[in-house]
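Scroll down for the structure; my scribbles are underneath it.
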Amino acid sequence: MSAEVWEQIYDRLVALIEAHRTTLIFVNTRRLAERVTRQLSDRLGEQFVTPRITAAWPRSSGSMPSSGSSRAR
């Protein structure tokens, strides 16, 4: 996408964030999450942006990552 399109997207996100108490933004990659967080932080200030980057594990793999505990079967 062009820089102009991204500017419009960021402007719209800022308007939505300012109009609501909580806003969730879903992206496809960590790189995009970091880029969006940076752009919104620059526009809104650090106090408005709390990044919570999590990974969605594909369900097709049949297993979720372990929580750190291991059990013998």
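The values are calculated or read from the model by the stated rules, or taken from the named source; none is laboratory data. Bear in mind that the values here come from a model prediction, so they are computed numbers and not experimental data. As a convention, Cβ positions derive from the backbone with ideal geometry for all residues, glycine included, and neighbour counts pool all protein chains shown.
Working carefully through the options Thr23, Thr54, find the one that is of a type in the set (Val, Ile, Thr) and at pLDDT below 60. Steps first, please.
Numbers: Thr23 fails: at pLDDT below 60.
None of the others qualify; the one that does is Thr54.
Looking at the range 27-45, I want the residues that are more than 14 Å from Trp6 (Cβ to Cβ) and have a partner that is exposed (fewer than 12 other Cβ atoms within 10 Å of the Cβ) and acidic (Asp, Glu) with Cβ atoms under 9 Å, at least 6 apart or on another chain. Which pairs are those?
Qualifying pairs under 9 Å: Leu44/Glu18.
Looking only at the range 10-50, how many residues end up being surrounded by 13 or more Cβ atoms within 10 Å (Cβ to Cβ) and part of a helix (DSSP H, G or I)?
15
Restricting attention to the range 1-26, which residues are touching a residue at least 24 places away in the same chain (Cβ under 8 Å) and hydroxyl-bearing (Ser, Thr, Tyr)?
Listed by number, the list holds a single entry, Tyr10.
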